[in-house]
Structure formats: structure tokens, C-alpha cells
Amino acid sequence: MISLTDSALHAVKSALERSGKEGAGFRVKAETGGCAGYKYAIGLDSQTHEGDEVIDAGDDVRVFVDSASQVLLAGMQIDFVESLEGAGFVFENPNAQSSCSCGKSFS
């Protein structure tokens, strides 16, 4: 469904450890909005919801994907990059027909 590179896995695991929320996971979803039609929304979530797909990303990291986002995000890879301009997650979504220049929204 969704995979995390080693860099993204390390970033998520660190955030989960700092949160102190036992059983929390990394929630990834597609929401209506952004400059291309949909935008990526990510964050830590302390629980799963009905219809969620729960993905074992490795190293005790779970990824939660709601049922509406599953078809839009299937096969996506998430990376975490650090550069002089800053650090952040990068999304490689095979379902995106186009994306905006910032890489945070797609259609």
C-alpha cells in the first residue's frame, strides 16, 4: 500500500518516540484542496478508525490510511529529505496524474 524509505522511517519513529503516545501511528491521507485538487495530510494519531488500513512499515512503525484515501495513495512511497532549504517529507505517488511545484498536492 504505502512504503517509507529508511530516512522517512527514522523521522517518523523519532516523532513517535517524542510524542510519548503508546500505540500511536503515522496517519497519511488525501484531502480535497491544495492547488492541484488533493493535498497530502500527515500526522501522528493515537488510534485507528473504522475502515483504516494499518500498514507495518517496519521498526515498530505503523501507518494508518483511511478508507477514502486508500485508492488515491496505493503504491505511494514517502521519503524524508534534508537540504539547505529545510527538511520535510516527499511523496512519490504513482496515482497522481499531475502535481503542483511544491509536491504537496496532486490530481
Practice task
Give, as ranges by residue number, the residues of the range 73-88 whose backbone N falls under 16 Å from the point 7 Å along Cα→Cβ of Thr5.
Solution key: 76-88
Handout entry: Where the chain is the region considered: accessible area per residue in Å², 1.4 Å probe
Key = 57
Problem - At R0 = 22 Å, FRET efficiency that the Cβ-Cβ distance of Val71 and Ile42 yields, to 0.05 - result: 0.80
Exercise for the section: Report which label in (1) 1.31; (2) 0.95; (3) 1.05 holds the value of Rg/Rh (Cα atoms, Kirkwood Rh) derived from the coordinates of this structure. Expected result: (2)
Practice task
Report in % the part of the accessible area of the chain that belongs to carbon and sulfur, leaving out ligands and nucleic acids; probe 1.4 Å.
Solution key: 46
Problem - Antiparallel DSSP beta bridges within the range 1-80, as percent of all bridges there, nearest 5 - result: 70
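The values are calculated or read from the model by the stated rules, or taken from the named source; none is laboratory data. It should be emphasised that the depicted structure is a prediction, and the values quoted were computed from it without experimental measurement. Neighbour counts are summed over all protein chains in view; Cβ atoms, including those assigned to glycine, are modelled from backbone coordinates with ideal geometry. These accessible areas exclude ligands, DNA and RNA; they are computed on the full protein's heavy atoms, side chains included. Shrake-Rupley method; radii C 1.70, N 1.55, O 1.52, S 1.80 Å.
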